[in-house]
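Computed from the coordinates by the stated procedures, all read-outs in this text should not be read as laboratory data. Worth saying up front: this structure is predicted, and the values here are computed from it rather than measured. Glycine gets a Cβ as well: all are built from the backbone with ideal geometry, and neighbour counts include every protein chain shown.
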Amino acid sequence: MNKKHERTLGAIFKLPAQSNVVWKDCEKLLDAIGAKISEGEGSRIRIALNGRKAVFHRPHPRKETDKGALVSLRKFLENAGIKPKEKKKP
């Protein structure tokens, strides 16, 4: 996972949920952590990771993910055992 993926993961877990997270960045993060992504009907995509499965809708016409989908993605990642690294305190 590179720095951009780490920033995206941090943005997904940031509270309150942000409204400026680009969905393509989320998909690239999921790919980097080993998730299996397959196309569904219309704008749906199926994601499988660490024995967990979920279906999400790609946002359109905007490229940013809405807050509700971001919260669902955060819960999916938590259930799959994925969390951002904690920052070291000086």
Legend entry - On Cα atoms only, tilt of 67-79 relative to the major axis of the chain in degrees: 70 degrees
Legend entry - Stretchable slack from LYS14 to SER72, in nm (0.36 nm times residue separation minus alpha-carbon distance): 19.6 nm
Legend entry - Sites VAL22 and ASN79 - FRET efficiency at Förster radius 22 Å, r taken between beta-carbons, to 0.05: 0.45
Legend entry - FRET efficiency estimate (nearest 0.05) - Cβ-Cβ, ILE37 to ASN2, R0 22 angstrom: 0.75
Legend entry - Relative contact order (%) - criterion: Cα under 8 Å, at least six apart; region: region 3-79: 30 percent
Inset, instruction - Sort 1-13, 35-47 for me by packing, meaning the mean count of neighbouring Cβ atoms within 10 Å per residue, highest on top. - result: 1-13, 35-47
Inset, instruction - Arrange the peptides 20-31, 59-70 so that the one whose residues have, on average, the most other Cβ atoms within 10 Å appears first. - result: 20-31, 59-70
Inset, instruction - Could you work out how far helix 3-13 tilts from the main Cα principal axis of the chain, as a 0 to 90 degree angle to the nearest 10? - result: 80 degrees
